[in-house]
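Have a look at the structure below, then the notes.
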Amino acid sequence: MTDNIIKSIREATQLTQAELAERFNIPVKTIQSWESGIRKPADYIPEMMIKICQLESELALLRRGRE
């Protein structure tokens, strides 16, 4: 994982810090601390975020296919 994986995830999903925080129920200050390098998330957190975003994308594709 890169040093700024949280920011990479956020940018890939086109979310603001506030939107990412809300989606994953994480305080905005924590997201800001991770992105600025003040704190580092546990390794499982970015992995979990990536998997959830991938699943959401797959579900959206399936739903569109049913329309």
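The values are calculated or read from the model by the stated rules, or taken from the named source; none is laboratory data. Model, not experiment: these values are computed from the prediction. Positions of Cβ are backbone-derived with ideal geometry, glycine not excepted, and every protein chain shown enters the neighbour counts. What goes into the accessible areas is simple: the full protein's heavy atoms, side chains included, and nothing from ligands, DNA or RNA. Shrake-Rupley method; radii C 1.70, N 1.55, O 1.52, S 1.80 Å.
What is the residue count in region 26-67 for residues that are in contact (Cβ under 8 Å) with a residue 24 or more places away in the chain and not in a helix (DSSP H, G or I)?
Result for region 26-67: 3.
Return only the number of the condition from (1) in a helix (DSSP H, G or I); (2) under 9 Å from the mean Cα position of the chain (by Cα) that E19 does not satisfy.
Of (1) in a helix (DSSP H, G or I); (2) under 9 Å from the mean Cα position of the chain (by Cα), only one is false for E19: (2).
Taking the conditions exactly as written (open to solvent by less than 60 Å² (accessible area, probe 1.4 Å) and in contact with a Pro (Cβ under 7 Å, 6 or more places away or on another chain)), does A60 satisfy them or not?
So A60 fails the test.
Testing S33 on (1) at pLDDT 95 or above; (2) open to solvent by 30 Å² or more (accessible area, probe 1.4 Å); (3) polar (S, T, N, Q), one condition comes back false. Which one is that?
All conditions are met except number (2).
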